[in-house]
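Shown next, in structure tokens, is the structure this report addresses.
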């Protein structure tokens, strides 16, 4: 999982392509903006630029992966006849999954047609339903094939029996479902 | 629970409005609330049932299992959890 606004796109394209090569095409490229502004402070990048920088970096990585040489004129980066070496094992490039947390991110990623991954931190698992519906609606409206793809980052622990499962007993054996 | 305590300090500073507003919720969250709303924990049968229910409800294409959130699960228990996930739970869901 890479925080794109804090990465140099060409360097990132080369490093991830190297992983894809040595794993013979097993790279799943997970990307996001991160909700933690502390790392932005450390890198000296204003968080307010994160969305723009994210989109620009992702576009450059895709071009660097898929073209022998490319040129790009952006707000933050410009490249003239640059080439990334090596190119990825997977063609045209590895699958990309984007982390989604902000309300406005779900429909915009649906519209752009990216698979997403989500996590539950402060809310409940059931409360993800409206965000996922907004993502899928935007995905269909934009005419992409299928329903989109959703992956859930989930805290999971499996013990041999239910009795062993927790240090502290609890009556709930399964989380509550939405009313 | 230690993972949630750490998380609450990160949420407080979040530029994401939704997250910042929820920092207080996370800071005061109880064990029962975590068990009910956020995690799936149990023997293979319970976990398979909960994952299937979650899939029916949300239509998931996959999960990224977080096997040691909070970094307090002993290594042998985490390894056993992963083994049960791969050998017992996953075959039931495919």
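The values are calculated or read from the model by the stated rules, or taken from the named source; none is laboratory data. Just so you know, these numbers come straight off a predicted model, no measurement behind them. Glycine gets a Cβ as well: all are built from the backbone with ideal geometry, and neighbour counts include every protein chain shown.
Looking at B:60, B:67, B:84, which one is under 25 Å from residue B:5 (Cα atoms), touching a strand residue (DSSP E or B) at 6+ places or on another chain (Cβ under 7 Å) and without any contact (Cβ under 8 Å) to a residue 60 or more places away in the chain?
B:67
Among the residues of the stretch B:47-57 satisfying the criterion of being surrounded by 19 or more Cβ atoms within 10 Å (Cβ to Cβ) and out of contact with any strand residue (DSSP E or B) (no Cβ under 7 Å at 6 or more places or on another chain), which is nearest to residue A:124 (Cα to Cα)?
Result: B:54.
So that you can scan it fast, the table gives a plain yes or no per residue for (1) surrounded by 14 or more Cβ atoms within 10 Å (Cβ to Cβ); (2) under 22 Å from residue A:28 (Cα atoms); (3) touching a strand residue (DSSP E or B) at 6+ places or on another chain (Cβ under 6 Å):
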residue: A:39; (1), (2), (3): no, no, no
residue: A:77; (1), (2), (3): yes, no, no
residue: A:80; (1), (2), (3): no, no, yes
residue: A:85; (1), (2), (3): no, yes, no
residue: A:91; (1), (2), (3): no, yes, no
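Of the numbered conditions (1) closer than 29 Å to residue B:24 by Cβ; (2) at pLDDT 85 or above, residue A:171 satisfies every one except a single condition; which is it?
Every condition holds for residue A:171 apart from (2).
Give just the number: which of (1) over 30 Å from residue B:88 (Cβ atoms); (2) in contact with a helix residue (DSSP H, G or I) (Cβ under 7 Å, 6 or more places away or on another chain); (3) part of a loop (DSSP other than H, G, I, E, B) does residue A:109 not satisfy?
(3)
Is one or more of the residues making up the stretch A:158-166 at positive phi and at pLDDT 90 or above?
Within the stretch A:158-166, none of the residues are at positive phi and at pLDDT 90 or above.
Could you tell me how many of the residues in the stretch A:9-54 are within 18 Å of residue A:87 (Cα to Cα), touching a helix residue (DSSP H, G or I) at 6+ places or on another chain (Cβ under 8 Å) and in a loop (DSSP other than H, G, I, E, B)?
Residues in the stretch A:9-54 being within 18 Å of residue A:87 (Cα to Cα), touching a helix residue (DSSP H, G or I) at 6+ places or on another chain (Cβ under 8 Å) and in a loop (DSSP other than H, G, I, E, B): 2 in total.
Name the residues in the stretch B:25-46 that are in a helix (DSSP H, G or I), more than 7 Å from chain A (Cβ to nearest Cβ) and either surrounded by 19 or more Cβ atoms within 10 Å (Cβ to Cβ) or touching a helix residue (DSSP H, G or I) at 6+ places or on another chain (Cβ under 8 Å) (or both), would you?
B:27, B:34
Specify the residue that is modelled with the lowest pLDDT; the eligible residues are those in the stretch A:97-111 that are within 13 Å of chain B (Cβ to nearest Cβ), within 12 Å of residue A:51 (Cβ to Cβ) and surrounded by fewer than 21 Cβ atoms within 10 Å (Cβ to Cβ).
Looking at the filtered set, the residue picked out is A:102.
When you check residue A:109 against the structure, is it assigned by TED's automatic domain parsing to the domain that holds residue A:131 and closer than 21 Å to residue B:62 by Cβ, yes or no?
Answer is yes for this residue.
Tell me the residue from A:118, A:61 that is surrounded by 14 or more Cβ atoms within 10 Å (Cβ to Cβ), within 26 Å of residue A:147 (Cα to Cα) and in the same structural domain as residue A:7 (by TED's automatic domain parsing), please.
A:61
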